[in-house]
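See structure below.
The values are calculated or read from the model by the stated rules, or taken from the named source; none is laboratory data. No experiment lies behind these values; they were computed from the predicted model shown. Every residue, glycine as well, gets a Cβ built from its backbone with ideal geometry; the counts of neighbours run over all protein chains shown.
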Amino acid sequence: MDEGRPLYKRVLLKLSGEALLGEQPYGLDFKRVRTIAQELRQIQQLGVDIAIMIGGGNIFRGSVGVKEGMDRVVADHIGLLATVINGIALQDALEKEGVNTRLISALEIRSVAEPFIRRRALRHLEKGRVIIFTAGLGSPYFTTDTAAALRALEIKAEVILKATKVDGVYTADPMVEAQATKFDFIGFQEVIQQELKVMDSTAITLCKDNNLPIIVFNLNVPGNIKKAVLGERVGTKVS
Ligand code: UDP
């Protein structure tokens, strides 16, 4: 690895809605969004193509609606729209940092975001625009993790950078079990067999079947996205 030279030319960053929460229990912490945008600008300046799949859990999750008696499809539609709200906020923050972006939505919402047309998305990346995927796959019963895996494959990203609140993949939930230990590297098969919480099973299977590595890392540590892109050891690499 050359000093300061990125290991990856094209990455897909999966940002959960929670990443935008900051210290708040709900919604968007604009300072947090700005910080993420600043980190992304630095990575873009390294010449890395960046695509982002953004979640919506800070605003609404389908499962929460279902618990309240809502129809699953209806609840997921609300969840999908929540991801669009986050995408718009992130786009604004990135543009304020001088980063050219394109917002893409898997639900038709043309006055706000463009539809996903693969060739067009690839062209954006070639031109150095950061693309923000919103509305997951546009269909209920999926998650933005699965959407991240599929879009990463479609745009030929070399890795999924899965930003979380913890330092990587642990033997158990480190927030619950103090003795839990972190893996530096782990295989897909192990993740599936041990049901480790990396991404949902559909997403993991898609990555495994197509040899798409995932780096799980803590977004709350400044500089971690850059470390991951440079190939420095950070978080857990699943491959
Ligand atoms: N969702 C969906 N289809 C998708 C992606 C997301 O129906 O392809 C809905 C689902 O209700 C989900 C919500 O959108 O709970 C927010 O996405 P997710 O939970 O993946 O967000 P994150 O956990 O990353 O914040």
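Would you say N220 is modelled with pLDDT under 95 and surrounded by 15 or more Cβ atoms within 10 Å (Cβ to Cβ)? Walk me through it before giving the result.
On the way: modelled with pLDDT under 95: yes; surrounded by 15 or more Cβ atoms within 10 Å (Cβ to Cβ): yes.
Yes; evaluated as a whole, the condition is true for this residue.
Of all residues in segment 69-103, how many are more than 13 Å from the ligand (Cβ to nearest atom) and out of contact with any Leu (no Cβ under 6 Å at 6 or more places or on another chain)?
The number of residues fulfilling the criteria is 13.
Report the residue count in segment 10-38 for those that are away from the ligand (no atom under 16 Å from the Cβ) and under 13 Å from A163 (Cα atoms). Reasoning before the result, please.
Quick first cut of segment 10-38, residues away from the ligand (no atom under 16 Å from the Cβ) only: 10-11, 23, 30-31, 34-35, 37-38.
This time we only want the ones that are under 13 Å from A163 (Cα atoms), so: 11.
Qualifying residue count for the region: 1.
Only one of (1) free of Cβ contacts under 8 Å to residues at least 60 places away in the same chain; (2) of a type in the set (S, T, N, Q); (3) buried (at least 19 other Cβ atoms within 10 Å of the Cβ) is not met by T236, so which one is it?
Exception for T236: condition (1).
How many residues does segment 189-228 hold that are hydroxyl-bearing (S, T, Y) and over 24 Å from Y141 (Cα atoms)? Even if it seems obvious, please write down each step before you answer.
Keep residues of segment 189-228 that are hydroxyl-bearing (S, T, Y), which gives 201-202, 205.
Keeping just the survivors that are over 24 Å from Y141 (Cα atoms) gives none.
Final tally of qualifying residues: 0.
Give all pairs with beta carbons closer than 7 Å in which a residue from segment 134-155 that is among the aromatic types (F, W, Y) meets a residue that is near the ligand (Cβ under 6 Å from one of its atoms); count only pairs at least 6 apart in sequence or on separate chains.
Taking only residues 6 or more apart or on different chains, the pairs are Y141/D76; F142/G136.
Only one of (1) in a helix (DSSP H, G or I); (2) within 27 Å of R34 (Cβ to Cβ) is not met by C207, so which one is it?
Failing condition for C207: (2).
Go through segment 185-203 and report how many residues are of a type in the set (A, V, I, L, M), in contact with a strand residue (DSSP E or B) (Cβ under 8 Å, 6 or more places away or on another chain) and either in contact (Cβ under 8 Å) with a residue 40 or more places away in the chain or over 19 Å from V234 (Cα atoms) (or both).
Taking segment 185-203 first, the residues of a type in the set (A, V, I, L, M) are 186, 191-192, 196, 198-199, 203.
Narrowing the set further to residues that are in contact with a strand residue (DSSP E or B) (Cβ under 8 Å, 6 or more places away or on another chain) leaves 186, 191, 196, 198-199.
Okay, now just the ones that are also either in contact (Cβ under 8 Å) with a residue 40 or more places away in the chain or over 19 Å from V234 (Cα atoms) (or both), so 186, 191, 198-199.
The qualifying residues number 4.
List, please: which pairs have Cβ atoms under 8 Å, are six or more places apart or on different chains, and start with a residue in segment 42-62 that is over 17 Å from L107 (Cα atoms) and away from the ligand (no atom under 15 Å from the Cβ) and end with one that is part of a loop (DSSP other than H, G, I, E, B) and of a type in the set (K, R)?
Listed pairs, sorted by first residue: L46/R5; G47/K9; V48/K9; D49/K9.
Tell me yes or no: at least one residue of segment 17-34 is in contact (Cβ under 8 Å) with a residue 24 or more places away in the chain, touching a Ser or Thr at 6+ places or on another chain (Cβ under 9 Å) and buried (at least 18 other Cβ atoms within 10 Å of the Cβ).
The answer is yes; a qualifying residue exists.
For the structure I just gave you, tell me whether G231 is buried (at least 19 other Cβ atoms within 10 Å of the Cβ) and within 23 Å of V48 (Cβ to Cβ). Spell out the reasoning first.
Numbers: buried (at least 19 other Cβ atoms within 10 Å of the Cβ): no; within 23 Å of V48 (Cβ to Cβ): yes.
When the stated conditions are applied, G231 does not pass them.
When you go through (1) under 16 Å from the mean Cα position of the chain (by Cα); (2) outside any helix (DSSP H, G or I); (3) away from the ligand (no atom under 12 Å from the Cβ) one by one for L7, which number turns out not to apply?
Among (1) under 16 Å from the mean Cα position of the chain (by Cα); (2) outside any helix (DSSP H, G or I); (3) away from the ligand (no atom under 12 Å from the Cβ), L7 violates only (1).
Restricting attention to segment 191-199, does a residue exist that is in a helix (DSSP H, G or I), more than 24 Å from S63 (Cβ to Cβ) and not charged (D, E, K, R)? Don't jump to the end; show me each part of the working.
Residues of segment 191-199 that are in a helix (DSSP H, G or I), as a first pass: 191-193.
Filter once more, keeping what is more than 24 Å from S63 (Cβ to Cβ): 193.
Retained after the next criterion (residues that are not charged (D, E, K, R)): 193.
Scanning segment 191-199 turns up at least one residue that is in a helix (DSSP H, G or I), more than 24 Å from S63 (Cβ to Cβ) and not charged (D, E, K, R).
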